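**Student:** Pasting a structure below so you can have a look.
The values are calculated or read from the model by the stated rules, or taken from the named source; none is laboratory data. Note that the structure is a prediction, hence the values are computed from the model and not measured. All Cβ positions, glycine included, derive from the backbone under ideal geometry; neighbour counts span all protein chains shown. Heads up: the accessible areas ignore ligands, DNA and RNA and are worked out on the full protein's heavy atoms, side chains in. Shrake-Rupley method; radii C 1.70, N 1.55, O 1.52, S 1.80 Å.
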Amino acid sequence: MAALTAIQNVRTIDVTSTQTAEAKEVSRRFNEVDAQDLTIRIESSAGEAVTVPEDLSNLLQTILRLAASGQSIGITQLSKAMTSVEAAKTLGISRPTLLKLAANGDIASHKVGSHTRFDRANVRAFAEARLTKQRDSFDSLRDFEDAMSFNQD
């Protein structure tokens, strides 16, 4: 079994050379199978089997690929709720801007006492929506430029 050590809330798994070799082989086999056809099953010595759900299977595949690198793996637990400082940093915006967005209802938040908190999933969804909007705006600008250059020819 891999060694676990707690360092500032990060658990570090030191992957052994045997685990690296085994993870490389399993990852190689993952790559040979269409991802939609891949099913991970855990089987006991008594023959009882559990099929791992797809989302959890994807997580296990990611961990195996990391283990195949031969480097240590760091794992930490993150709270579902984020402070306004954490959420602003994640989004790459200032805290006052984030709080204005929350006050306008642009991003969901909740109060814990007098402090504003943000659910990690809502912050992620907001970031993805913002990125999609930016890409759409850029595509519109590019289409406009193409149309302008076409009219000048």
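**Student:** Take the stretch 111-153 and flag every residue that is of a type in the set (Gly, Ala, Ser) and modelled with pLDDT under 90.
**Tutor:** The answer is ALA147, SER149.
**Student:** Quick check on the stretch 101-130: of everything there that is outside any loop (DSSP other than H, G, I, E, B) and small (Gly, Ala, Ser), which residue is surrounded by the most Cβ atoms within 10 Å (Cβ to Cβ)?
**Tutor:** Among those residues, the one meeting the criterion is ALA102.
**Student:** Another question about this same structure. Which pairs do you get when a residue that is of a type in the set (Asp, Glu), found in the stretch 100-128, comes within reach of a residue that is open to solvent by 80 Å² or more (accessible area, probe 1.4 Å), reach meaning Cβ atoms under 7 angstrom, with the pair 6+ apart or on two chains?
**Tutor:** Final answer for the pair search is ASP119/LYS80.
**Student:** On to the next question. Could you tell me which of the residues THR18, THR12 is open to solvent by 50 Å² or more (accessible area, probe 1.4 Å), among the β-branched types (Val, Ile, Thr) and either out of contact with any strand residue (DSSP E or B) (no Cβ under 7 Å at 6 or more places or on another chain) or closer than 29 Å to SER79 by Cα (or both)?
**Tutor:** After applying the criteria, what remains is THR18.
**Student:** Right, another one. Among the residues of the stretch 43-57, what is the count of those that are open to solvent by 100 Å² or more (accessible area, probe 1.4 Å) and either under 21 Å from the mean Cα position of the chain (by Cα) or closer than 21 Å to GLN19 by Cα (or both)?
**Tutor:** Of the residues in that region, 4 qualify.
**Student:** Given the residues LEU91, LEU60, which is the only one that is open to solvent by less than 80 Å² (accessible area, probe 1.4 Å), under 20 Å from the mean Cα position of the chain (by Cα) and under 30 Å from ASP37 (Cβ atoms)?
**Tutor:** The conditions single out LEU60.
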